[in-house]
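The values are calculated or read from the model by the stated rules, or taken from the named source; none is laboratory data. Note that the coordinates shown come from a computational prediction; the quantities given were computed from them, not determined experimentally. All Cβ positions, even for glycine, are placed from backbone atoms using ideal geometry, and neighbour counts span all protein chains on display.
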There are 2 protein chains.
Amino acid sequence: MANLEPEKRTLLNHHKEKHFTAGEVIRDIIIGVSDGLTVPFALAAGLSGANAPSSIVLTAGLAEVAAGAISMGLGGYLAARSEADHYSRELRREQEEIVAVPDTEAAEVAEILAEYGIEPHEYAPVVAALRKRPQAWLDFMMKFELGLEKPDPRRAVQSALTIAIAYIIGGLVPLVPYMFIARAQDAVIASVIVTLIALLLFGFAKGHFTGSRPFISALQTALIGAIASAAAFGIARAVQT
Amino acid sequence: MANLEPEKRTLLNHHKEKHFTAGEVIRDIIIGVSDGLTVPFALAAGLSGANAPSSIVLTAGLAEVAAGAISMGLGGYLAARSEADHYSRELRREQEEIVAVPDTEAAEVAEILAEYGIEPHEYAPVVAALRKRPQAWLDFMMKFELGLEKPDPRRAVQSALTIAIAYIIGGLVPLVPYMFIARAQDAVIASVIVTLIALLLFGFAKGHFTGSRPFISALQTALIGAIASAAAFGIARAVQT
């Protein structure tokens, strides 16, 4: 920040703004656990309520966890790769336009700043300054015209693994009782208790990390689990008759 | 755009930049159909391969679709609400800071522009212009310091319904054969064919809308379905023994 006036730099050092950032990893964990704690639980509870044998309930539950983890994990990976490719394409296009039609690109900078009530004589030096620095100009257009951030190439794999593992851990919580209790109709009671506690704790943590009210978040998360399992139970009963 | 110089406005009118935007609704459809076409299919195929009766396969599949649609739909709704609350909180904080510590906020504007190699004498008129217009200054900080866009309040409900309905439609495609073919081991063959075609078509459309190569996208999407069902099949067989 060599070109920042000394008094401004002092002000920035003294004043720390605490703006909340959840973090990409926490976001992926929340994505994985949210569905992982809910769907396998609801499926198993629904099948138990429809009087399916415990082995079927466990088979369906674990198969769903495997399929869900792969679908969300690989799906998340492809989505992140797609975003990275999209960024590269847009970067190349902007680069070409800065070279081919600089006056149009300069007009776009002017348009961006003009939206904030800044007059031509006020923004003209900024536009001129950017025109002299093609790399900075490119970065400015990527961020301020297109709103794109350069994606981290490792993010795709990290995102996929985080979501998949989070889904598996979330899914195993409600299924473990079925591994130890022979009758599904008994196991489901343990599953409901364990999963309800897990949903409340996870919902609380989610609220804490995203800056929402944790107690409300806990109740909402548990409620979604309850609604999903009620729906699964209803559908299972309906199909069985 | 009253303060945009006439020659710049002319350039912008003549030059249309085609930058790709997938659209929020398309993104939600992709999210719903991606998992909806994959997980119920894999679950049903896995259970069929483990020789479960057709009624169980259909019960489990439909119960999973119900649970998944609710989990993803309500989960998406809460996530959108959470983002809207986050934006409101950050807006209020910036508003207070513009009033309470304007010199610090002005320093932040300077820091943002300085990152692009713009010198103090070049950005000073812009900073001064923003200081005179508190609303524009607030909008500038929200966008350029925090990178936050004002969320549409209707988005939360729209997003939830879109994802849920997309998941249900995606999930029904592989399950319909089980409604008409009595033996699961026969129905699964029809399910595989129908779902494979659906995955290829959906993957192609996804690639088209996101600007990725559609044929590659079609193959990737079908491959995820294949891997997920192989995993579900393997797990189901393992649990049954």
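Would you mind stating whether B:Ala107 is buried (at least 19 other Cβ atoms within 10 Å of the Cβ), over 20 Å from A:Glu119 (Cβ atoms) and free of Cβ contacts under 8 Å to residues at least 24 places away in the same chain?
Here the answer is yes, as B:Ala107 does meet what is asked.
Name, by its number, the condition in (1) without any contact (Cβ under 8 Å) to a residue 40 or more places away in the chain; (2) away from chain A (no Cβ under 11 Å); (3) more than 19 Å from B:Tyr77 (Cα to Cα) that does not hold for B:Gln135.
Just one mismatch for B:Gln135, condition (2).
How many of the residues in the range B:117-132 are within 7 Å of another protein chain (Cβ to nearest Cβ) and under 9 Å from A:Glu122 (Cα atoms)?
Summing the residues that are within 7 Å of another protein chain (Cβ to nearest Cβ) and under 9 Å from A:Glu122 (Cα atoms) in the range B:117-132 gives 5.
What residue, of B:Gly147, B:Gly171, is surrounded by 17 or more Cβ atoms within 10 Å (Cβ to Cβ), within 30 Å of the chain's Cα centre (by Cα) and small (Gly, Ala, Ser)?
Just a single option satisfies the conditions, and that option is B:Gly171.
In the set A:Leu47, A:Leu148, A:Leu138, A:Leu58, which member is modelled with pLDDT under 85 and either touching a helix residue (DSSP H, G or I) at 6+ places or on another chain (Cβ under 6 Å) or within 25 Å of B:Ala124 (Cβ to Cβ) (or both)?
Testing whether each residue is modelled with pLDDT under 85 and either touching a helix residue (DSSP H, G or I) at 6+ places or on another chain (Cβ under 6 Å) or within 25 Å of B:Ala124 (Cβ to Cβ) (or both) leaves just A:Leu148.
Report yes if B:Ile197 is surrounded by fewer than 19 Cβ atoms within 10 Å (Cβ to Cβ), in a helix (DSSP H, G or I) and more than 12 Å from chain A (Cβ to nearest Cβ), otherwise no.
yes
So, in the range B:26-57, of the ones that are part of a helix (DSSP H, G or I) and either more than 29 Å from the chain's Cα centre (by Cα) or without any contact (Cβ under 8 Å) to a residue 24 or more places away in the chain (or both), which residue ends up surrounded by the fewest Cβ atoms within 10 Å (Cβ to Cβ)?
Restricting to residues being part of a helix (DSSP H, G or I) and either more than 29 Å from the chain's Cα centre (by Cα) or without any contact (Cβ under 8 Å) to a residue 24 or more places away in the chain (or both), the top hit is B:Ser55.
Determine which member of the set B:Gly207, B:Gly203, B:Gly225 is small (Gly, Ala, Ser), free of Cβ contacts under 8 Å to residues at least 12 places away in the same chain and within 12 Å of another protein chain (Cβ to nearest Cβ).
B:Gly207
Going residue by residue through the range A:176-185, is there one that turns out to be at the interface with chain B (Cβ under 8 Å from one of its Cβ atoms) and at pLDDT below 90?
no
Have a look at B:Ala156, B:Ala164, B:Ala190, B:Ala182 and point out the one that is hydrophobic (A, V, I, L, M, F, W, C), loosely packed, with under 14 Cβ neighbours inside 10 Å and more than 30 Å from A:Ala128 (Cβ to Cβ).
B:Ala182
Restricting attention to the range A:69-91, does a residue exist that is buried (at least 24 other Cβ atoms within 10 Å of the Cβ) and within 27 Å of B:Asp139 (Cβ to Cβ)?
No: zero hits.
Inside the range B:66-76, can you point out the residues that are more than 8 Å from chain A (Cβ to nearest Cβ) and at pLDDT below 90?
Of everything in the range B:66-76, just one residue is more than 8 Å from chain A (Cβ to nearest Cβ) and at pLDDT below 90, namely B:Gly76.
Would you check which residues across the range A:228-241 are facing chain B (nearest Cβ under 7 Å) and among the β-branched types (Val, Ile, Thr) and list them?
Result: A:Ile235, A:Val239.
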